[in-house]
Structures are given as structure tokens and as C-alpha cells.
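Take this structure, written in C-alpha cells, and hold onto it; I'll ask about it next.
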Amino acid sequence: MAVIQTKNLSKTFRVHKKAAGFKGSLKALVRREWLEKSALQNVSIEVSSGEILGLVGANGAGKTTLVKILAGIVCASSGDVSVLGHNPWQRSNELRRQVALIMGQKAQLWWDLPAEDCFLLLRDIYQIPHNQYRQNLEFLVESLGVQDQLNIQIRRLSLGERMKMELIAALLHTPKVVYLDEPTIGLDLTAQRAIRKFILEYRKLHKPAMILTSHYMEDIEQLCERIAIIKEGKIVYDGELSRVVNKYAQHKILSLEMAGPLTDSIRQGELANLLKNLRAEVLLEEQNRVRLKVARSDVAQVASAVLQKIAITDLSIEEEDIGNIIEKLIRRDGVKYDSGPAS
Amino acid sequence: MFSYRIDFWVQFFVSIAVEIAIAYFLWSSIYSTEGASRISGYSLSMMILYYVFAAFGGRLVRGNERMIIATDIYDGGLTKYLLYPVRYVYVIGAFALAFDTVTLLQMAIGLSTMFAVFGLPAGFEFHWMNMLMGTTACFMASILYFIIYVALDFVAFWVDTVWGLSMMFRFSIQFLSGFFLPLELFPKPLQRAIYYTPFPYIGAEPIKMFLGRSSWPQWVHANMMVMLWIIPMAGLMQLLWWRGVKNYSGVGI
């Protein structure tokens, strides 16, 4: 059963326009021009317990607006929204005790306090029983390896340490719904990996319904089985991540390990002849390795031709990078999208 | 609250000491120029003492006026309080209460140091009961002032900057409350008009209690008036919250 559910959800913001320069400022002082900006249009999604939905889209596509509506921060203009059977906009304490939002770009902890004081404050706000608080804190602190930073003021922590503290703060009350808005933004690779590993562990243990927005494809690939692509406020794809590759990847990558060094005679002879009549392009040439980008329909034909005409020791066929495919889907206009059934 | 030790002492000495010093130099000059021993019933020492209690009482009533609510609305700091299962106004109220506790501590240190060093001014008798009456009246007034302050900052839901409006209102409130000048110095018709508003009960009346110029019935009357004003102002604050939060866009995330 879906924990998070939206149906035809729309949101319009009213923003004022100001003409450039001093004259424009004076004009705006007397009379303001307003612009209706549609942030979301008829968005319908469902997320079940234990599932992580990756919300993917360009800047300004509407990802964060959707998360804000689901978290009860912003009121929807129209449509239905239900989280654990509640309307988030009503912000009932019962719902808020079961929801968490982690924002990579916005600190939620109190900067002047050490992390542990912030956690104590949150224990009282969420009315977490003392034993449960102690157990949860121990588990979270140990999993994220921040034992030594607990008594340091938040403002004095590094970005990675602060983000880990934000995660602890958000998960102390063991929420059933977790929104992760770019949780790894600006972090180094080690910290990104640690946070991704922790999110997966947490999901395995508590099975919350999660929505993740991220511009890092590695986050999406490693954490989400299902994605929703949002473009200009509309969901243009909602389905399994693996389906994106099958459906939208137009190429495969052929990696060849040559028997000897890649000489100019091979490059201009056998290889050039091979590629002449086939839909393939060279991505990389180095020493004895060549990578070819081949149309999916031609893979068998190209592989067979390579085996016959070039002396190789190894051949492997890989899928195109999923990040590139999604990026193309987000950016390209006129792409015919085909949403799969929500898993 | 105690994270910044320097700020704790600087706030105390700079704001309070400077306020009192200005009042001292100004009123000494006025009394000597006029050659008067009393102005509107105040001797020079009682006038300075009025400003001492206005400075301490004012801090207690006005609390931390750093426009944190408007800032929370503008930079998205409000978001976390919308997520937590707690009412935002209660959180801000708890901050204000913490600030008042620190102010009370500063007040006790400041007044005892002042009386120990300079002695009690002529014409002033120290009574614990007067201190209790003044402090409780200040505490009640701080609730009313807090509600007015919150309601004013909620205007930030609609306008891009609330600073000018807020400063104007705060200046007017402090002027009409008697924090800048004792109300006895105002023309009689204006004094009568001001007593139809809640402002004298925010400043002038609690200060008079500290000075020993009020009785228990006047204390009861002042507190009743404050409570009467709290009801409509709290209603207005709540209305502004309900309407305003619909405009909140959670900027910064």
C-alpha cells in the first residue's frame, strides 16, 4: 500500500516582475506586475514502505517544490496529496512525528549548539522516550562514525560532519517517511559513499518510504530502483531505473583488448574499414584498447565483424552510462517519454 | 544563550550603561539649566533612577528584538519548525523566556552593583515588594509585547522587507510606553489618550512600581489591562499566521 500518494497535484507561485534599473525600481514602488509561475502540473506519484523513489530533473523542474508540498511546508494549489493517510498541509503532530526532511542545502540544526544539545532538544520536541533515544542515537552515531564530534558546536564542523549530524537529527525519531533533498551535495567522494551506505542500511532496518532528489547520478543509481523524471513541473517518466536503460539507451559500448599495440596501420586499415559501413564511433583509443559506441541494433553485427577482422584478446559489451541517458532525457526537447507502471 | 560570554557582558554593559549615562548627562544639564529641583514630581536622582529601571525593565519587556521571525521567513529558517511537531510561536516564546531569564540575572547583578557603588538615591526606599511588583508587571507586559512583536514580524509573509515597518512600530511603542520619557511629561490630553491604549502598562506602570509609586490595586489594574489586550492581539497574531503561512514558499532549499 502506498505511504505517499499524490493525484493531479499542481502548484502555482505568484512572483513579482521588476523592470531593470532605477526607473524599474521606482515603477515597482508604485505599481507591481505579477507573474503566475507554474511549478507543478498534475503530478501523480505513489511511494510504498521500504521504497526509495529517485526524483530526477534539472534545476527548477519542480523536484523541491514537490518535496516541500509532501513535507507540509508549502500548500498545493490543487490536487490531492496523502502521506500516511494525512494531508501534510494540515501539519498534524501525529504526521509530523513520522516524517523527516533532510536538506543538503539548508542546515536545520542550531548552529550555536553542539550536536548533542541539538539532539536533546529534538528528543523533547519529538517526545522520544529516553531509552529509545539512547538506543537510536548510539546506532546512528556509530553507523556514521561521528562519536568524537558530538560535543562540538555545529558551526565548527566540516560540511561532511554537519551533514551526518543532520541525518542523525532527522532520523532520531525513526520516521516512516523520509525526504532526502540532495543529501550529498558538496560532499567529497568518501563522505558521499558513507552517506549512501548509511541510507541503504537504514532502509533495510526500518523500511521507511523515501523520496530522494539528487543531481548526482551515483546517488540515484545506487539508492533507487525506481525513478520519476520531472520536467517543467510534469512527471515525464515514472518507472524502474533499469527500464530507462532498456527503453532509452540507443547505444552500447564495445570494449576491445587488442592482441598487440594499436598501431597506425591497424587504426587506418582494419579498424577504419570495419567502421566504414557500420553505425559505430570510436570513444577511446589507447595502447592496446579501443572503446566503440555502437547502435543497439548493430551490436551483434559489429561484434562479429570485430572478431573476424581484428586480432583481439578480449571483447566486452557494456550498457551506456545510465547518468548520461537520464541527463539526455532531462535536457532533450521532443523526447517521446514512455512511463512504466509504478513498481 | 551562554555560548558567547563576551556577547553576554557586552550586551549588558554597553546597552544598559550607555542608556543610563545618556539619561544622566541629558537630565543633569536640563535640571541645572532650568534651576529646578523637581520636574513633573521627579527630582534629578529619581529621574535617573526612572531611566535605570526603564533600561532594565525595557530589556525584560522587549526581550531579544532581533527580528528572528522575519529572518526565519526570509531565509527559510521557518521550514524546520514547520516540520517539527511543535508550534512555531511556542519555540520563539521559549527563546524569549530564556532571554528574559538571562536579563533577570543581569538585572540583579547590575542593580546590586549600582546600589552598592553609588548608594540608594535620595528619596528612594528599596523594598523587595516593589521589585516583585515591577518584575511581575514587566513579565506580563513582556507577553503582550512579544505578541505584538510576533504579529508585526508575520507581515514578512507578504512584504519583502519588514525592517522599516517594524522599526517605526517599535519606536512608537517605546515612546508611548514611557521608555524614552516619563509619561507625566506629556501634555495631559495626550496622557489621557495614551491610557486608553496598552502602552503605559508595558513601560511606565511597571517602572512606577519599581520606584515605589504604585499600590497593589494599581498592580492588579495594570495586569488586568495587559491581559485584556493580550486576547485581541493574540487573535490577530494567530490570524496573521494562518493567512501568512499559506504564502510561505520555503526559500533557501
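None of the figures in this text is laboratory data; all of them are computed from the coordinates on show. Here the structure is a predicted model, which means the values were calculated and not measured. Cβ atoms come from the backbone with ideal geometry, glycine included; neighbour counts cover every protein chain shown.
Would you work out the charge dipole size for chain A about its Cα centre, treating the Cβ of every Lys and Arg as +1 and the Cβ of every Asp and Glu as -1, and quote it to the nearest 20 debye?
On the way: 47 positive and 41 negative charges, 341 e Å.
It comes to approximately 1640 debye.
For the protein assembly as shown, what ratio Rg/Rh do Cα atoms give with a Kirkwood hydrodynamic radius? Don't skip to the end; give the middle numbers.
Numbers: Rg = 33.3 Å, Rh = 29.1 Å.
Reported Rg/Rh, Kirkwood definition of Rh: 1.14.
With each label point set 7 Å from Cα along the Cα-Cβ vector, what nm distance links B:Leu181 and B:Met227?
Label-label distance for B:Leu181 and B:Met227, simple model: 3.4 nm.
Follow-up question, since we're still on this one. With a cut-off of 8 Å between alpha carbons and a minimum separation of six or more residues, what is the relative contact order of chain A in percent?
Values: 605 pairs, mean separation 66.1, N = 343.
Relative CO of chain A lands at 19 percent.
Using only the alpha-carbon atoms, how far is helix B:128-153 inclined from the longest principal axis of chain B? Give it as 0 to 90 degrees, nearest 10.
30 degrees
Taking amide H atoms as placed 1.01 Å from N in the peptide plane, list the residues 5 or more away in sequence, or in a different chain, whose amide H sits under 5 Å from that of A:Ile102.
Sorted by chain and number, the residues that satisfy this are A:Tyr179, A:Leu180, A:Asp181.
I want to verify the translational diffusion coefficient of segment A:251-323 in µm²/s; compute it with Stokes-Einstein, Rh as the Kirkwood radius over Cα pairs, at 25 °C and 0.890 mPa s. Mind dumping the intermediate values first?
Numbers: Rh = 12.2 Å.
It comes out at roughly 202 µm²/s.
Using alpha carbons only, how many degrees (0 to 90, rounded to 10) separate the axis of helix A:159-171 from the longest principal axis of chain A?
Rounded to the nearest ten degrees, it is 60.
Determine the dipole magnitude for chain B: charges of +1 sit on the beta-carbon of Lys and Arg, -1 on that of Asp and Glu, nothing else is charged, the reference point is the Cα centre, and the result goes in debye to the nearest 20. Spell out each step's value before the answer.
Details: 14 positive and 12 negative charges, 69 e Å.
It comes to approximately 340 debye.
Only loop residues by DSSP count here, and only those with at most 15 other Cβ atoms within 10 Å; note down the trypsin sites (Lys or Arg not before Pro) in segment B:53-97 that meet that. Intermediate values should be presented prior to the final figure.
Values: sites: B:Arg59, B:Arg62, B:Arg66, B:Lys80, B:Arg87; in loops: B:Arg66, B:Arg87.
Here the trypsin sites (Lys or Arg not before Pro) that fit, given the DSSP loop and packing criteria, are B:Arg66, B:Arg87.
Shielding by partners for A:67-73, please: the mean number of other protein chain Cβ atoms within 10 Å of each residue's Cβ. Could you put the intermediate results ahead of the total?
Details: counts 2, 6, 1, 0, 5, 2, 11.
Partner Cβ neighbours, averaged per residue: 4.
Within chain B, what is the longest stretch that has no GluC sites (Glu not before Pro) placed in a DSSP loop and near at most 16 other beta-carbon atoms within 10 Å?
Details: sites that count: B:Glu65, B:Glu125.
Segment B:126-253 is the longest.
Under a plain spin-label model, where a point goes 7 Å from the Cα along Cα-to-Cβ, how far apart in nm are B:Leu97 and B:Leu236?
So the two model labels end up 2.5 nm from each other.
May I ask you to list the aspartates and glutamates whose Cα is less than 19 Å away from that of B:Lys188, ignoring any residue fewer than eight positions away on the same chain?
Result set, ordered by chain and number: B:Glu205.
Taking the Cα centre as origin and putting +1 on Lys and Arg beta-carbons and -1 on Asp and Glu beta-carbons, what dipole magnitude results for segment A:168-216, to the nearest 20 debye?
Working: 7 positive and 4 negative charges, 63 e Å.
Approximately 300 debye in magnitude.
What does the extension gain come out to for A:Ser297 and A:Ser38, with contour length at 0.36 nm per residue minus their alpha carbon separation?
Using 0.36 nm per residue and subtracting the Cα-Cα distance, I get 89.2 nm.
Separate question: Find which of A:Met217, B:Gly35, B:Met107 sits farthest along the positive direction of the dipole of the protein assembly as shown, computed with +1 on the beta-carbon of Lys and Arg, -1 on that of Asp and Glu, about the Cα centre.
Going by the Cα projections, it comes out as B:Gly35.
Go through segment A:60-139 and name the trypsin sites (Lys or Arg not before Pro) that are in a DSSP coil and have 16 or fewer other Cβ atoms within 10 Å of their Cβ.
On the way: sites: A:Lys63, A:Lys68, A:Arg91, A:Arg96, A:Arg97, A:Lys106, A:Arg123, A:Arg134; in loops: A:Arg91, A:Arg97, A:Lys106.
Answer by residue number: there is no such site.
Continuing with the same structure: By counting other Cβ atoms within 10 Å of each Cβ, how are A:His86, A:His173, A:His16, A:His251 ranked from fewest to most?
Numbers: A:His86 17, A:His173 23, A:His16 10, A:His251 20.
So the residues, fewest neighbours to most, are A:His16, A:His86, A:His251, A:His173.
Once the other residues with Cβ under 9 Å from the Cβ of A:Ser49 are scored (Lys, Arg +1; Asp, Glu -1), what is the net sum?
On the way: positive: A:Lys176, A:Lys207; negative: A:Glu51.
Net of charged neighbours comes to +1.
Restrict the search to segment A:150-253; then list the GluC sites (Glu not before Pro) that DSSP places in a loop and that have at most 16 other Cβ atoms within 10 Å of their Cβ.
Details: sites: A:Glu161, A:Glu166, A:Glu201, A:Glu218, A:Glu221, A:Glu225, A:Glu232, A:Glu240; in loops: A:Glu225, A:Glu232.
Passing sites in segment A:150-253 are A:Glu225, A:Glu232.
For chain A, compute the orientation-averaged projected area of the C-alpha convex hull (one quarter of its surface), in nm².
On the way: hull surface 97.8 nm².
Mean orientational projected area (chain A, Cα hull): 24.4 nm².
A further question on this structure: Between B:Val10 and B:Val251, what is the label-to-label distance in nm when each label sits 7 Å out along the Cα-to-Cβ direction?
According to this spin-label approximation, the distance is 2.8 nm.
Which listed residue (A:Val236, A:Gly24, A:Gln127) has the Cα farthest towards the positive end of the charge dipole for chain A, taking +1 on Lys and Arg C-beta and -1 on Asp and Glu C-beta about the Cα centre?
So the residue furthest toward the plus end is A:Gly24.
Where the eigenvalues come from the Cα gyration tensor of segment A:126-262, what are the semi-axes √(5λ) of the equivalent ellipsoid, largest first, in whole Å? Working shown, then result.
On the way: eigenvalues 244, 87, 40 Å².
One finds semi-axes of 35, 21, 14 Å for segment A:126-262.
Under a straight-distance cross-link criterion of Cα-Cα below 17 Å, which aspartates and glutamates are reachable from B:Lys80, leaving out those fewer than 8 residues away in the same chain?
Partners within reach: A:Glu94, A:Asp112, A:Asp117, A:Asp124, A:Glu166, A:Asp181, A:Glu182, B:Asp72.
Right, here's the next one. How many angstrom lie between the Cα centre of segment A:201-270 and the Cα centre of segment B:106-142?
72 Å
Shifting gears a bit: Hey, which lysines would be in cross-link range of A:Lys7, C-alpha to C-alpha under 18 Å, not counting anything within fewer than 8 residues on its own chain?
A:Lys63, A:Lys68, A:Lys231, A:Lys234
Chain B: D in µm²/s via Stokes-Einstein (Kirkwood Rh, Cα pairs, 25 °C, 0.890 mPa s)? Don't skip to the end; give the middle numbers.
Details: Rh = 19.5 Å.
After rounding, the answer is 126 µm²/s.
Can you list, largest first and rounded to whole Å, the semi-axes you get for segment B:118-253 by taking the square root of 5 times each eigenvalue of its Cα gyration tensor? Kindly include the intermediate steps, with their values, before the conclusion.
Numbers: eigenvalues 225, 49, 43 Å².
The answer is 34, 16, 15 Å, longest axis first.
On the first, second and third principal axes, largest extent first, how far apart are the outermost C-alpha atoms of segment A:45-157 in Å?
Projected onto the principal axes, the Cα atoms of segment A:45-157 cover 45, 32, 26 Å.
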